[in-house]
Amino acid sequence: MSGLRGAASIAGAGTYGLGEAPGQSELEITAGAVKAALDDAGLKAADVDGVFCASMTYNMGSLTLCEYLGIAPRFSDSSMIGGSSSLAHLLTAMMAIATGQCDVALVAYGSNQRSVSGRLVSTSRPDPFESPYGPRQPITSYALAASRHMHEYGTTREQLAEVATAARAWAAMNPDAFLRDPLSIGDVLNARPISDPFTVRDCCLVTDGGGAVILTSPERARDLKRPPVPMLGGAMAHWHRAITNMPDLTVTAASESGPRAYAMAGVSVEDIDLVQVYDAFTINTVVFLEDLGFCAKGEGGAFVENGAIAPGGRLVVNTNGGGLSCCHPGMYGIFPLIEAVRQLRGDCGERQQPNPEIALAHGNGGLFSSQVTLILGTDGTL
Amino acid sequence: MPADTAAPGPEQAYFDALADGRFMLQHCGACGESVFYPRALCPHCGADALTWREASGRGTVHATSVVRRRPEQGPPYNVALIDLEEGPRMMSRVETVAPEAVRIGMAVTAVVDRSGDDPVVVFHPAGGGA
């Protein structure tokens, strides 16, 4: 265990504009999520003195959001490492609270990219060594990784499709999810092909939406409205940016961030009651279940077969429906975190799990690049 | 102009050579590794002792995908990762065979295609098929 275990607790969480929010600006969506998270915690914007925000539109996200909300923070961070940014912000916020840099941290993200562009937005300079070949990014990068997993381990298209059908079955129990109609393995395989081996149903949604969480000291969190959710462990790692430079296309840096987060939290895989991982593509869930230790490398395909991660399966995974069926407003990382918080507090209605105590939220960024693993608990686990 | 930036940087030098039809890799005089994409410092050991060598052009398909488009946007095309004989991996495409016929493990040979606006390294199946 490390000194940071339990250094901060999540006191509030909120979402806004999930799915389609036409006529809403990015900042209006983000502000809606901030209001929901502050109301959830019973706090006001004036109580916030640390702000963490990455944006796909504003390269100085925390400056933009602070000005918009009228917050003059003591500490802020706009670090952008792709879709895992919000989870990395939780880790930094935990350190900032532990060292007195701030007392109440707001981590927020929002996007209106479905309504504005209808496609995933990239703000990076085109890679001169990849863009001449026309990869449809980020899809083709993950498709290349999937081709390698299928080649090395015999992972099948049907096994990948199981990830999508399980996510959809969970989404059917989540009124906030964007796609809730039944989905079969055949539907996934016969959907519009995008970049082999993926069809459109192997790929995350493009939606609008925002999410925000409030983090503070465990003592202060206990005095607020909702049951606190302590941060028991957290770790990040990245080994590459472009898929070409991923050392092994079947192993992500989650195999490093996961064990370090478990060590900080003092937990093992068997202690984890539910798992919320960033499923940008069906291969992600397979690889993350391997890299985070829920099955051996190469066995992820077999692990998810026969509804094993669908409701009633052997492992509780992505209960909100994930990026595949719930929402994916450009960067999804804050949403698996919020779902983990809601499950630990018992907020999840029809899909609520019975008394979970330890949850894992895992964020992925770039092209299987940046990996951040957080372990959350109930106050009783501190 | 300061003397140490008088010559083009490695990225520009790579594309200048490619425009002349030559596919060049960097070689590190300190650790002996080959380097692609071209860099100012060796990513293996940090040395700045990188010199140019012409690539052998021999490679193996490491991963492959076919990008599908709506018919009005054009035919499907291949995108592959190629392991070069010298060690580095690069993104490219395999031509002269159907995009879905490209297989992991297939031996391929580099060709500098200068037919478009910008020169580009593509690959053909080794031992013919070109």
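Among the aspartates and glutamates, which fall within straight-line cross-link reach of A:Lys44, defined as a Cα-Cα distance under 14 Å, with same-chain neighbours fewer than 8 residues apart omitted?
A:Asp103
Can you compute the charge dipole magnitude of the protein assembly as shown about its Cα centre, using +1 on each Lys and Arg Cβ and -1 on each Asp and Glu Cβ, nothing else charged? Give it in debye, rounded to the nearest 20.
Numbers: 36 positive and 54 negative charges, 84 e Å.
It comes to approximately 400 debye.
On a 0 to 90° scale, report how tilted helix B:10-19 is relative to the longest principal axis of chain B, with both axes built from alpha carbons and the result rounded to the nearest 10.
That helix lies at roughly 50 degrees to the long axis.
Taking 20 °C and 1.002 mPa s as the conditions, I'd like the Stokes-Einstein D for the range A:142-269 in µm²/s, using the Kirkwood hydrodynamic radius from alpha carbon pairs.
Numbers: Rh = 18.2 Å.
The diffusion coefficient I find is 118 µm²/s.
Determine the shielding of peptide A:126-138 by partner chains: average, over its residues, the number of Cβ atoms on other chains within 10 angstrom of each Cβ.
Other-chain Cβ atoms within 10 Å of each residue's Cβ, averaged: 5.
Which value, in Å², gives the accessible area per residue of the protein assembly as shown when a 1.4 Å probe is used on the protein heavy atoms?
38
So what's the back-of-envelope 222 nm ellipticity for chain B, counting only DSSP H runs of four-plus at -39500 (n - 2.57) apiece and dividing by all residues, rounded to 500?
The per-residue figure over chain B is -2500 deg cm²/dmol.
Give me a single rounded figure for A:195-202: the average over its residues of other chain Cβ atoms within 10 Å of their Cβ.
Taking all residues of A:195-202 together, the mean is 3.
Nothing charged except the Cβ atoms of Lys and Arg (+1) and of Asp and Glu (-1): what's the magnitude of the dipole of the range A:29-174 about its Cα centre? Round to the nearest 20 debye.
Result for the range A:29-174 is approximately 440 debye, rounded to the nearest 20.
Classify the range B:3-54: rounded, prolate or oblate, from the alpha-carbon gyration tensor (a ≥ b ≥ c, eigenvalue square roots; a/c under 1.5 rounded; otherwise prolate if a/b is larger than b/c)?
On the way: a/c = 2.34, a/b = 1.31, b/c = 1.79.
Verdict is oblate for the range B:3-54.
Evaluate the distance, in nm, between pseudo-label points positioned 7 Å from the Cα of A:Lys297 and of A:Arg192 along their respective Cα→Cβ axes.
So the label points at A:Lys297 and A:Arg192 sit 3.7 nm apart.
Can you tell me the orientation of helix A:85-98 relative to chain A, as the angle in degrees between its alpha-carbon axis and the longest Cα principal axis, to the nearest 10?
With both axes taken from Cα atoms, the answer is about 30 degrees.
Enter the mean number of other protein chain beta carbons within 10 Å of the beta carbon of each residue in B:102-113, as an integer. Don't skip to the answer; put the middle values down first.
Working: counts 2, 2, 5, 1, 0, 0, 0, 0, 0, 0, 0, 1.
Mean inter-chain Cβ contacts per residue within 10 Å come to 1.
Once phi is turned into θ = phi - 60°, what whole-Hz ³J(HN,Hα) does the Karplus curve with 6.51, -1.76 and 1.60 give for every residue of the range B:111-118, x standing for Gly and Pro?
9, 8, 8, 10, 7, x, 5, 10
What's the angle, to the nearest 10 degrees (0 to 90), between helix A:254-265's Cα axis and the longest principal axis of chain A?
The angle comes out near 30 degrees.
Please report Rg over Rh for the range B:58-125, where both radii come from the alpha carbon positions and Rh follows the Kirkwood definition.
Numbers: Rg = 12.1 Å, Rh = 12.3 Å.
Here Rg/Rh amounts to 0.98.
Does the range A:278-334 come out rounded, prolate or oblate, given a ≥ b ≥ c as the square roots of the eigenvalues of its C-alpha gyration tensor, rounded meaning a/c under 1.5 and, failing that, prolate meaning a/b above b/c?
Because a/c hits 1.5 or more and a/b fails to exceed b/c, the range A:278-334 counts as oblate.
Can you give the log10 of the normalised intensity I(q)/I(0) at q = 0.07, 0.08 Å⁻¹, computed with Debye over equal Cα scatterers of the protein assembly as shown?
Results for the protein assembly as shown at q = 0.07, 0.08 Å⁻¹ read -0.40, -0.52.
Report, in deg cm²/dmol and to the nearest 500, the calculated mean residue ellipticity at 222 nm for chain A, where each DSSP H run with n ≥ 4 adds -39500 (n - 2.57) and the sum is divided by the residue count.
-9500 deg cm²/dmol
The values are calculated or read from the model by the stated rules, or taken from the named source; none is laboratory data. Treat the numbers as computed from the prediction; the structure is a model and nothing was measured. Neighbour counts run over all protein chains shown; Cβ positions are idealised from the backbone, glycine included. Protein only, heavy atoms only, side chains kept; ligands, DNA and RNA dropped before computing areas. Shrake-Rupley method; radii C 1.70, N 1.55, O 1.52, S 1.80 Å.
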